[in-house]
1. Only one residue in ALA76, ALA103 is of a type in the set (A, V, I, L, M) and free of Cβ contacts under 8 Å to residues at least 40 places away in the same chain. Which one?
2. What pairs come out if I take residues in segment 20-44 that are touching a residue at least 40 places away in the same chain (Cβ under 8 Å) and among the aromatic types (Phe, Trp, Tyr) and pair them with residues that are part of a helix (DSSP H, G or I) and surrounded by 13 or more Cβ atoms within 10 Å (Cβ to Cβ) whose C-beta lies under 6 Å away, six or more apart or interchain?
3. Restricting to strands (runs of 3 or more DSSP E) lying wholly in segment 77-143: which have 2 or more residues that are modelled with pLDDT of 95 or more and buried (at least 21 other Cβ atoms within 10 Å of the Cβ)?
4. Applying the selection to segment 51-76, what residues are in contact with a Leu (Cβ under 8 Å, 6 or more places away or on another chain) and assigned to a strand (DSSP E or B)?
5. If only one of LEU14, LEU3 is surrounded by fewer than 16 Cβ atoms within 10 Å (Cβ to Cβ) and modelled with pLDDT under 95, which one is it?
6. Please determine whether any residue of segment 118-131 is within 21 Å of LEU37 (Cα to Cα) and aromatic (Phe, Trp, Tyr).
7. Quick one: VAL68 ticks every box in (1) at pLDDT 95 or above; (2) under 20 Å from VAL147 (Cβ atoms) except a single one, so which number is it?
8. Could you please find all residues in segment 26-47 being out of contact with any Ser or Thr (no Cβ under 8 Å at 6 or more places or on another chain) and in a loop (DSSP other than H, G, I, E, B)?
Amino acid sequence: MLLISCGHAIGGTLSRTDKSVRSIVSGIVSYTRWPTLSGQPTLCIFASSRYVEALSIDGPDTLPYIPVIIHSDQEALSAGCHALYFGSEPPHAQLELSTAFNARPLLLIAEQNSQCLTGSAFCLIIDDRQVRFSVNMNVLSRSGVRVSPDVLMLAWNTKHE
């Protein structure tokens, strides 16, 4: 049907960048609160992501979310997502999909939205040396989720290093 939840073990196959992306996304999700959620949130990961494996396979560190790999907007809408991780979907498509969730609390993270002006609340900035992120406070304030100020300070600090 539409949902693929991965449960493979991490071998030595993840690169340093893979591990950094996994760590940052796990951290963001860990410090996010949904108003009515008890238990782990479902992170729907678009199959277009370069980091599907890093974000979805079991490893030495326990994931703070339930990973579900999706291939389309329709799958996202029916998968019970609490958070969306976008791969190559452009910012306007991110915005359109988030609107379709009808104001349901939703965390939005993107890996290819470097400007972070529209679309997602958290945007990963991935280069050869490091992985960091920026925050779109406007999108975050309308998302219906609450994120620890410590996470927001991390984004600010890395932006001003």
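The values are calculated or read from the model by the stated rules, or taken from the named source; none is laboratory data. Not measured: the values here are computed from a predicted model. Positions of Cβ are backbone-derived with ideal geometry, glycine not excepted, and every protein chain shown enters the neighbour counts.
1. ALA76
2. Once the first residue is touching a residue at least 40 places away in the same chain (Cβ under 8 Å) and among the aromatic types (Phe, Trp, Tyr) and sits in segment 20-44, its partners that are part of a helix (DSSP H, G or I) and surrounded by 13 or more Cβ atoms within 10 Å (Cβ to Cβ) give TYR31/VAL151.
3. 83-86, 107-110, 122-126
4. Once the filter is applied, which keeps residues that are in contact with a Leu (Cβ under 8 Å, 6 or more places away or on another chain) and assigned to a strand (DSSP E or B), segment 51-76 yields ILE66, PRO67, VAL68, ILE69, ILE70.
5. From the options LEU14, LEU3, the qualifying one is LEU3.
6. Yes, some residue in segment 118-131 is within 21 Å of LEU37 (Cα to Cα) and aromatic (Phe, Trp, Tyr).
7. (2) is the only condition that VAL68 fails.
8. TRP34, PRO35, THR36, LEU37, SER38, GLY39, GLN40, ALA47
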